[in-house]
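J.: A single structure is presented below for examination.
The values are calculated or read from the model by the stated rules, or taken from the named source; none is laboratory data. The shown structure was predicted, so the numbers you read here are calculated from the model rather than taken from an experiment. We place every Cβ from the backbone using ideal geometry, glycine too, and count neighbours over all the protein chains shown.
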Amino acid sequence: MTSLSNATADYRARDAAHHIHPFSDMKSLNAEGSRVIVRGEGAWIWDSDGNRILDGMSGLWCVNIGHGRPEIAAAIQRQMAEISYYNTFFKTTHPPAVALAEALARLSPPQFNHVFFCGSGSEANDTVIRMVRHYWATLGKPKKTVLIARKNAYHGSTMGGGSLGGMAPIHSQGGLPIPGIHHIAQPYWFGEGGEATPEEFGIQAARELETAIEELGEENIAAFVAEPIQGAGGVIIPPASYWPEIARILRGREILLVADEVITGFGRTGNWFGSQTFGIEADLMPIAKGLSSGYLPIGGVMVSDKVADVLIGPGGEFHHGFTYSAHPLTAAAALENLRIIEEEKLVDRVRDDIGPYLQKLWLALGDHPLVGEARMTGLMGALELVPNKPSRAHAFPDTGKVGTIARDFSFRNGLVMRAVRDSLILAPPLTLTHEEADILAATAKKTLDDTL
Ligand code: PLP
């Protein structure tokens, strides 16, 4: 019988021979060898050497209901027995698409009663770019084409999503950003707030939107796009003053507000949507990830009545869509996922139970000598690692190295966390138990001790 580590070596060699991974330096990955994940159950994953690891990132912020749920497998199988693929183009639909659209209209904030389906968060944001421009053109304002987004935002890695995002490494390859996207400051108080208080800095960062509108001209601007909490940028939780100031700036202006809920949707922040946690009244909401808990790939854009009234009617045909828009199996998986979130009251759980429980443990890690700030909203958190605790803004000279070292210690200690620059970030499944939260916090503490 092949031993487990022989199996790992075999997977690694074959992976290195043929597989180009996303967001990976292939040369160093092949030298080290991939981690091979073979199984998942609840908040846990197992690697090919039989190690059990707590999945503190819910895969890639998506497995909200935990791994290995047989109900989802059964729902997919039931749908497969009916019809596994049909499209939603050309005046056709199917029962899972109908039911999922209906469920999303019920669960999302009241202004959202329509959804456009796609296959991922990137496709959702590409859809947003075309949709907002089409909206204004239909209203006789074709000059309104510019989208304002934020530096260090992540909205995907397609030409549109990658351009809307504000990440320099993504912009450095492949001709991004496309024209018509303008980036303003992010509300990252810990890293960029200087001497300002968080509240002052929140206002200051939001006012960059006002300045940009004045410079670019409201008559040229289609939308402002932002994540309620920046996820991939490092779990940047905006100061409480930020979103109200954005609302003040947009009030009375002809600019659509797009809340990218790809990570913050479906319970992650203790409400169905991050918009509700921060009091954001968006016109469009890109969704993906937690929509199906990652069991099958599906995304969408929630469309408010204001936008839908223009799209449906005067807008005519929207020349846009994907073969897999509302794919029946992905829609069936998403529907079952929503049923589980509702039945197990996972959103309430994050707000009132496991959220506050884990937050207390996590914020206590802020006392560790290596941690400049511990922050968490719902089940979405970050630890900023700093060389010199009192001077929070002074990052390690070799930026990113300490974060990566800590992340690797964490994995070896049995906890998946992600490194963003020199921070560790966390987004565990919403089903996390108290006992698992205790293990998580103890492992994170050990990881910090190992890194110091
Ligand atoms: N928008 C946000 C806020 C995201 O975090 C992500 C992915 O992490 C995306 C969009 C892109 O989603 P996908 O990877 O499904 O294309």
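J.: Look at the stretch 181-197 and say how many of its residues are within 19 Å of residue 421 (Cβ to Cβ), surrounded by 17 or more Cβ atoms within 10 Å (Cβ to Cβ) and not acidic (Asp, Glu).
T.: 9
J.: List every residue pair whose Cβ atoms sit under 8 Å apart, with the two residues 6 or more apart in sequence or on different chains, where the first one lies in the stretch 18-44 and is surrounded by 16 or more Cβ atoms within 10 Å (Cβ to Cβ) and modelled with pLDDT under 95 and the second, anywhere, is of a type in the set (Lys, Arg) and part of a helix (DSSP H, G or I).
T.: Qualifying pairs under 8 Å: 34/12.
J.: Name the residue, out of 341, 312, 263, that is within 21 Å of residue 432 (Cβ to Cβ) and over 17 Å from the mean Cα position of the chain (by Cα).
T.: None of the others qualify; the one that does is 341.
J.: Please find, among 245, 254, the residue that is more than 18 Å from residue 107 (Cβ to Cβ) and in contact with a strand residue (DSSP E or B) (Cβ under 9 Å, 6 or more places away or on another chain).
T.: Residue meeting the stated conditions: 254.
J.: Conditions first: (1) part of a loop (DSSP other than H, G, I, E, B); (2) within 16 Å of the ligand (Cβ to nearest atom). Residue 149 passes all but one, so which condition is the exception?
T.: That leaves (1) as the condition not met.
J.: For residue 206, work out the one condition from (1) surrounded by 20 or more Cβ atoms within 10 Å (Cβ to Cβ); (2) within 16 Å of the ligand (Cβ to nearest atom); (3) farther than 22 Å from residue 384 by Cα it doesn't fulfil.
T.: With (1) surrounded by 20 or more Cβ atoms within 10 Å (Cβ to Cβ); (2) within 16 Å of the ligand (Cβ to nearest atom); (3) farther than 22 Å from residue 384 by Cα applied to residue 206, the lone miss is (2).
J.: A further question follows. Out of 349, 375, I need the residue that is in contact (Cβ under 8 Å) with a residue 24 or more places away in the chain and in contact with a strand residue (DSSP E or B) (Cβ under 6 Å, 6 or more places away or on another chain). Which one?
T.: That would be 375, the only listed residue that is in contact (Cβ under 8 Å) with a residue 24 or more places away in the chain and in contact with a strand residue (DSSP E or B) (Cβ under 6 Å, 6 or more places away or on another chain).
J.: Can I ask one more? For the stretch 168-180, indicate whether the set of residues that are part of a helix (DSSP H, G or I), surrounded by fewer than 19 Cβ atoms within 10 Å (Cβ to Cβ) and more than 16 Å from the ligand (Cβ to nearest atom) is non-empty.
T.: yes
J.: List pairs: first in the stretch 278-295 and modelled with pLDDT of 95 or more, second polar (S, T, N, Q) and within 11 Å of the ligand (Cβ to nearest atom), Cβ under 8 Å, 6+ apart or cross-chain?
T.: 286/125; 288/120
J.: What is the residue count in the stretch 290-318 for residues that are of a type outside the set (Phe, Trp, Tyr), within 16 Å of the ligand (Cβ to nearest atom) and assigned to a loop (DSSP other than H, G, I, E, B)?
T.: Total meeting the criteria: 6.
J.: Looking at this structure, is residue 142 touching a helix residue (DSSP H, G or I) at 6+ places or on another chain (Cβ under 9 Å) and part of a helix (DSSP H, G or I)?
T.: In short, no.
J.: Among the residues that make up the stretch 102-111, is at least one of them free of Cβ contacts under 8 Å to residues at least 40 places away in the same chain, surrounded by fewer than 18 Cβ atoms within 10 Å (Cβ to Cβ) and in a loop (DSSP other than H, G, I, E, B)?
T.: Within the stretch 102-111, one or more residues are free of Cβ contacts under 8 Å to residues at least 40 places away in the same chain, surrounded by fewer than 18 Cβ atoms within 10 Å (Cβ to Cβ) and in a loop (DSSP other than H, G, I, E, B).
J.: Looking at the stretch 249-289 only, could you name the residues that are away from the ligand (no atom under 11 Å from the Cβ) and in a helix (DSSP H, G or I)?
T.: 249, 250, 275, 276, 277, 278
J.: Please find, within the stretch 45-76, the residue that is surrounded by the fewest Cβ atoms within 10 Å (Cβ to Cβ) out of those that are more than 16 Å from the ligand (Cβ to nearest atom) and β-branched (Val, Ile, Thr).
T.: Per the criteria, the residue is 76.
J.: For the stretch 98-139, what are the residues that are among the acidic types (Asp, Glu) and away from the ligand (no atom under 16 Å from the Cβ)?
T.: 102, the sole residue that qualifies.
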